[in-house]
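Shown next, in structure tokens, is the structure this report addresses.
The numbers here are math on the coordinates, done by the rules we state, and not lab data. Please read all numbers here as calculations on a predicted model, not as lab measurements. All Cβ positions, even for glycine, are placed from backbone atoms using ideal geometry, and neighbour counts span all protein chains on display.
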Amino acid sequence: MHKKYYLFRNATVERFFASFNVDYSGYNDISSIPENVDIYVWFYLSPIKTNVDVYITEMEAYIRQLQFVLSRIKPHKACYAFTVYNMHDIYHIQNRNIPVFIKKYIPAETLSEYKIRGSDFYVADANALYIKMIELAKQNKTIYNA
């Protein structure tokens, strides 16, 4: 028998859980905590903000929301919490020129660049790009040091 999951989320994450029996909350919605599930999943992504105070305020709100949800879940039910946090101090990064990095290291057959009305757009072979980015990272070649 397949377990039934309920996923609290603040972003579109359905592709990560396509093979599971999952019901989803609305974005940033903790107003409903269904009881007819086996496992709860908290999947909130860290916001990307340039203002540190706004970032901290949002992260504190996420923590309060998770605490509220946990206080309403029956003790015998599992709740898995997943999040992604800033692994780099985005507020002090000096070098993150993605177009320069792409032109320097990514082959045209992996990623094509288009400019539409002054904005850059890219079309990528996701698997090939992922493999290339891992290969480059192992050589310490990233957008942060390109």
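Once the Cα atoms are used to define both axes, helix 126-138 deviates from the longest principal axis of the chain by about 70 degrees. Taking chymotrypsin sites (Phe, Trp or Tyr not before Pro) as exposed when their DSSP state is a loop state and no more than 12 other Cβ atoms lie within 10 Å, the longest site-free interval of the chain runs over 1-84.
Of all the Cα-Cα pairs you can form in the range 4-84, what percent are over 17 Å apart? Considering the range 4-84, 45 percent of its Cα-Cα pairs are separated by more than 17 Å. Restricting attention to the chain, lysine pairs at least eight places apart or on different chains and with alpha-carbon atoms under 25 angstrom apart total 16.
Build a GNM of the chain with springs between Cα atoms under 10 Å apart, and of ILE63, ILE106, ILE33 the one that fluctuates most is ILE106.
If you take the alpha carbon atoms of the range 98-138 and fit the smallest convex hull around them, that volume is 61 Å³ per residue. Across the range 37-46, computed HN-Hα scalar couplings (Karplus, 6.51 cos²θ - 1.76 cosθ + 1.60, θ = phi - 60°) run 10, 8, 9, 9, 10, 9, 10, 10, 8, 5 Hz from first to last residue, x flagging Gly and Pro. Helical content of the chain, expressed as a calculated mean residue ellipticity at 222 nm, amounts to -9500 deg cm²/dmol (DSSP H runs of 4 or more residues, -39,500 (n - 2.57) each, divided by residue number, nearest 500). Residue order for SER46, SER25, SER31, fewest other beta carbons within 10 angstrom first, comes to SER31, SER46, SER25. Its convex hull of Cα atoms gives the chain a direction-averaged projected area, equal to a quarter of the hull surface, of 12.1 nm². Springs between Cα atoms under 10 Å define the GNM used for the chain, and in it the highest mean-square fluctuation of ARG117, ARG72, ARG64 occurs at ARG117.
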